[in-house]
Amino acid sequence: MDNPFNPSFGKMPSVFLKRGSLTQEIITELNRNNSPFQTSLIYGQRGSGKTTLMTEVAAQLNKDTKWIVVNLVLDDDLLISLINQLNNSLVSLKLIKDFDLKVSFMGVGVEASVNKQIIENFQLVFQNILEKLTKKGYKVLLCIDEVHLTPLLKKLASVYQIMISKNLNVSLLMAGLPENVSEIQNDDVLTFLLRAHRIVLNPLDIESIKESYQHIFKNAGYQIDLKIILYMTKQTLGFAYAFQLLGYHVWNEAQKESKKEITKQTIDNILDTYISDLNRNVYFKVYSEMSQKEKEFVQAMVKANSTKVKSQTIGEIMHKSANYIAVYRRKLIDDQVIKPNGYGYVSFLLPYFDKFVEQQMILEDL
């Protein structure tokens, strides 16, 4: 039997932990008129499941013949790709003839200059296509992953707002890191996105992780006690990527051992590899993108040597006032690096991130 876990980024894992009914809720809301979900922003830390959730929503809507899902990459071809994909849909739906599309485009021959024409006349072209589709009862969903502020995104979002005001059937679903989503929403041109529906991907429900591990391994014929399942679950802290990664390594280790029982030793055998993969695939990037003061904050948490640390203690270690500490505390909570843990206390949100920070501190002192 193939390994059912898939820790690869950007791929839909065969084991998909649905966050309650979130996927279905998004789909249901997108099918409603004037739903706040029409413009939605999914955000969470790397590995929190943003791409997986967006992929699942897109896959489900693709099964509906009245939906046209357009997956976009945030690069220099953003607007051109959008128009080309929509034009292909017009042809396949027989709303425009392929011959007509090739012969003429906005009154100019389809040559090298067509891309320039698309960009210069983007609003008019986009509106023309959406009017054709809306008239026939079709709905368009634009999906953009790894979103961040760029001039082309600003242009697309600004034109999208106009299309919404004209009651055309188009929705926008974007996913990104918390800091990138915040930058987009606070841009002077895109203030309307402050009203967009925010879908925050917090840690997965521990009970769901426990039940999933139990179901997967027992159905595959493995004997695994509840205590061992809880031990596995604890190693993830609800982090979606960690759930897939740990399951992947434990599965492979159990296959290598050629026995049908998963013990604590099975898990312990792969913990170093598991932690190393977390460091390499997630934590190096998370840590490198922190400001110096944010790094000092998490280093102070490590120096406190406790699973939960008082903000006052962090301030004493950093020699900073409570107001100063509060600023970086809020920033790190918003970025899903730490979490509140009782009044005045914080803890790390990511599994073994404290060990990674400790390792970085040692390397920086060498």
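Can you work out the accessible area per residue across the chain, with the rest of the protein chains kept in place, probe 1.4 Å, in square angstrom?
Accessible area per residue, the chain: 50 Å².
Check cross-link reach from LYS135 to the aspartates and glutamates: straight Cα distance under 18 Å, and skip same-chain residues fewer than eight apart.
Reachable aspartates and glutamates: ASP64.
Kindly work out what percent of the DSSP beta bridges joining two residues of the chain are antiparallel, to the nearest 5. List each step's numbers first, then the result.
Numbers: 6 of 27 bridges.
In the chain, approximately 20 percent of DSSP beta bridges are antiparallel ones.
Taking the chain as a Gaussian network, where each spring joins two C-alpha atoms under 10 Å apart, which residue of LYS139, LYS63, LYS295 fluctuates the most?
Of LYS139, LYS63, LYS295, the Gaussian network model singles out LYS63 as fluctuating most.
Quick check: net charge around PHE122, other residues with Cβ under 13 Å of its Cβ, Lys/Arg +1 and Asp/Glu -1?
Values: positive: LYS116, LYS154, LYS155; negative: ASP77, GLU120.
Surrounding charge for PHE122 is +1.
At 1.4 Å probe size, with the rest of the protein present, what percent of the exposed accessible area of the chain is carbon and sulfur atoms?
Here it works out to 49 percent.
Applying the Karplus parametrisation 6.51 cos²θ - 1.76 cosθ + 1.60 with θ = phi - 60° to the phi angles of the stretch 186-199, what ³J(HN,Hα) value in whole Hz is obtained for each residue in order, glycine and proline being reported as x?
9, 5, 4, 7, 10, 4, 4, 6, 5, 8, 5, 6, 9, 10
Which label belongs to the value computed from this structure, given these candidates for volume of the Cα convex hull per residue in Å³: (1) 162; (2) 179; (3) 146?
Only one listed value fits the structure, namely (2).
Using the structure shown, list the pairs from LYS63/LYS285; LYS260/LYS339; LYS50/LYS210 with a Cα-Cα distance above 31 Å, or answer none.
Violating the 31 Å limit, Cα to Cα: LYS63/LYS285; LYS260/LYS339.
Just to check I understand the Karplus step: with θ = phi - 60° and J = 6.51 cos²θ - 1.76 cosθ + 1.60, what whole-Hz values come out for the stretch 41-56, glycine and proline as x?
Karplus-based 3J(HN,Hα) across the stretch 41-56 equals 10, 8, 9, x, 5, 3, x, 7, x, 4, 5, 4, 5, 4, 4, 5 Hz.
Can you give me the long-range amide H partners of LYS139? Hydrogens built in the peptide plane at 1.01 Å from N, cutoff under 5 Å, separation of 5 or more residues or another chain.
Long-range HN contacts for LYS139: TRP67, ILE68.
Extending each Cα 7 Å along its Cβ direction at VAL91 and LYS355, get the distance between those two points in nm, one decimal.
5.4 nm
Between THR307 and LYS135, what is the label-to-label distance in nm when each label sits 7 Å out along the Cα-to-Cβ direction?
If labels sit at THR307 and LYS135, their model points lie 6.4 nm apart.
For the full complex of protein chains and a 1.4 angstrom probe, list ARG198, ARG280, ARG46 by accessible area with the highest value first.
From most exposed to least exposed: ARG280, ARG198, ARG46.
Straight-line reach only, C-alpha to C-alpha below 20 angstrom: list the aspartates and glutamates that LYS303 could link to, leaving out same-chain residues fewer than 8 apart.
By straight Cα distance, LYS303 reaches GLU294, GLU316, ASP354, GLU358, GLU364, ASP365.
On a 0 to 90 degree scale, rounded to 10, what angle separates helix 226-236 from the longest Cα axis of the chain?
Result, in degrees: 60.
Compute the separation of the alpha-carbon centres of the stretch 277-307 and the stretch 315-343 and state it in Å as a whole number.
Between the Cα centre of the stretch 277-307 and that of the stretch 315-343, the gap is 13 Å.
Label-point separation (nm) for SER288 and VAL73, each offset 7 Å from Cα along Cα-to-Cβ?
Spacing of the two 7 Å Cα→Cβ label points: 2.1 nm.
Which of the lysines could be linked to LYS136 by a straight reach, that is with a Cα gap under 17 Å, when you skip same-chain ones fewer than 8 residues away?
List returned: LYS66, LYS94, LYS97, LYS166.
Classify the stretch 306-366: rounded, prolate or oblate, from the alpha-carbon gyration tensor (a ≥ b ≥ c, eigenvalue square roots; a/c under 1.5 rounded; otherwise prolate if a/b is larger than b/c)? All intermediate terms of the calculation are to be shown ahead of the outcome.
On the way: a/c = 1.81, a/b = 1.28, b/c = 1.41.
Note, shape of the stretch 306-366 comes out oblate.
How much net charge surrounds GLN292 when only the other residues with a Cβ under 14 Å from the Cβ of GLN292 are counted, with Lys and Arg +1 and Asp and Glu -1?
Values: positive: LYS293, LYS295, LYS320, LYS331; negative: GLU289, GLU294, GLU296, GLU364.
Overall, the nearby charge balance is 0.
Find how many whole Å separate the alpha carbon centroid of the stretch 212-274 from the alpha carbon centroid of the stretch 67-83.
39 Å
Multiply the residue separation of LYS260 and LEU363 by 0.36 nm, subtract the distance between their alpha-carbon atoms, and state the gained length in nm to one decimal.
33.0 nm
Please work out the FRET efficiency for the pair GLN123 and GLN24, using the Cβ-Cβ distance as r and a Förster radius of 22 Å; give the result to the nearest 0.05.
Rounded to the nearest 0.05, the efficiency is 0.05.
The values are calculated or read from the model by the stated rules, or taken from the named source; none is laboratory data. No experiment lies behind these values; they were computed from the predicted model shown. With ideal geometry, Cβ positions are generated from the backbone for all residues, glycine too; neighbour counts draw on all protein chains shown. All accessible areas refer to the heavy atoms of the entire protein, side chains included, with ligands and DNA or RNA removed. Shrake-Rupley method; radii C 1.70, N 1.55, O 1.52, S 1.80 Å.
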